[in-house]
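Here is the structure we will look at, set down as structure tokens.
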Amino acid sequence: MTKPVIQVRELQKIYGDDGVQTPALQGVTFDIRQGEFVAIMGPSGSGKSTMLHILGMLDRPTSGEYLFEGKDMNSYDDDALAKLRNRKFGFIFQAFNLLPRTSVLENVKLPLAYAGMTQAKQDKLAMKAIEAVGLGHRVSHESSQLSGGEKQRVAIARALVNDPEVIF
């Protein structure tokens with residue numbers, strides 16, 4: 001059996017405001033191995049988004065352990081987390097998070113620009129991802145000119161463009 005890519009042990013997240021503490025996650029433990037598809041399900045307010053933010057290293061847990069590829073997330077500073085996110089993760093956000101006055105090509109290239117790739121390599125990889133989601137004919141259109149389904153496909157292309165190990 002392969003070693004887990006993601007290991008979560010006794011994870012907790014507690015939000016505090018004006019002296020009131022609200023637990024979002026309480027003692028969550030699981031492993032995810034390479035190639036697995038995992039769904040996080042539950043009613044509104046059950047901690048699904050909080051869990052995804054922690055797994056995507058966009059937030060930190062209050063306590064517990066989160067290991068990615070055997071390394072504890074808490075051992076990374078914010079800059080190292082950002083670099084790791086850019087190299088290893090792809091995100092498909094519910095609200096798409098596309099730049100509205102920016103072309104499909106530029107939206108998809110965004111993670112590649114953060115990775116410091118040359119323009120020529122960015123263009124090649126972004127076009128490959130855009131073609132893969134069937135939007136080659138819309139590459140120059142601004143995201144504000146797209147239908148909801150097309151925006152979703154741009155978000156998927158952007159999530160896939162770095163060939164990430166994990167897609168959220």
message: Within the stretch 60-70, does at least one residue satisfy the condition of being under 16 Å from the mean Cα position of the chain (by Cα), open to solvent by 40 Å² or more (accessible area, probe 1.4 Å) and under 30 Å from G16 (Cβ atoms)?
response: yes
task: Report the residue count in the stretch 1-53 for those that are closer than 21 Å to I92 by Cβ, of a type in the set (A, V, I, L, M) and part of a loop (DSSP other than H, G, I, E, B).
output: 4
task: Can you tell me which residue within the stretch 147-168, out of those that are β-branched (V, I, T) and touching a strand residue (DSSP E or B) at 6+ places or on another chain (Cβ under 6 Å), is most open to solvent (accessible area, probe 1.4 Å)?
output: I167
message: Quick test for you: out of A95, A82, pick the one residue that is exposed (fewer than 15 other Cβ atoms within 10 Å of the Cβ), under 12 Å from the mean Cα position of the chain (by Cα) and small (G, A, S).
response: A82
statement: All-but-one check, R101 against (1) over 16 Å from A159 (Cβ atoms); (2) surrounded by 12 or more Cβ atoms within 10 Å (Cβ to Cβ); (3) touching a Ser or Thr at 6+ places or on another chain (Cβ under 7 Å), failing number (2)
statement: Listed by first then second residue, the pairs whose first member lies in the stretch 134-146 and is free of Cβ contacts under 8 Å to residues at least 12 places away in the same chain, whose partner is of a type in the set (V, I, T) and open to solvent by less than 40 Å² (accessible area, probe 1.4 Å), with beta carbons under 7 Å and at least 6 positions apart or on separate chains, are G136/I130
query: Restricting the first residue to the stretch 33-47 and requiring it to be open to solvent by less than 80 Å² (accessible area, probe 1.4 Å), which pairs with a second residue that is modelled with pLDDT under 95 and of a type in the set (S, T, Y) meet a Cβ separation below 6 Å and a spacing of at least six or different chains?
result: R33/T2
query: If you go through the stretch 123-146 one residue at a time, how many are among the small types (G, A, S), farther than 30 Å from I54 by Cβ and open to solvent by 60 Å² or more (accessible area, probe 1.4 Å)?
result: 2
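The values are calculated or read from the model by the stated rules, or taken from the named source; none is laboratory data. As the structure is a computational prediction, the values presented were derived from the model and not from experiment. Cβ atoms come from the backbone with ideal geometry, glycine included; neighbour counts cover every protein chain shown. Remember, those area values only see protein heavy atoms, side chains included, never the ligands or the DNA or RNA. Shrake-Rupley method; radii C 1.70, N 1.55, O 1.52, S 1.80 Å.
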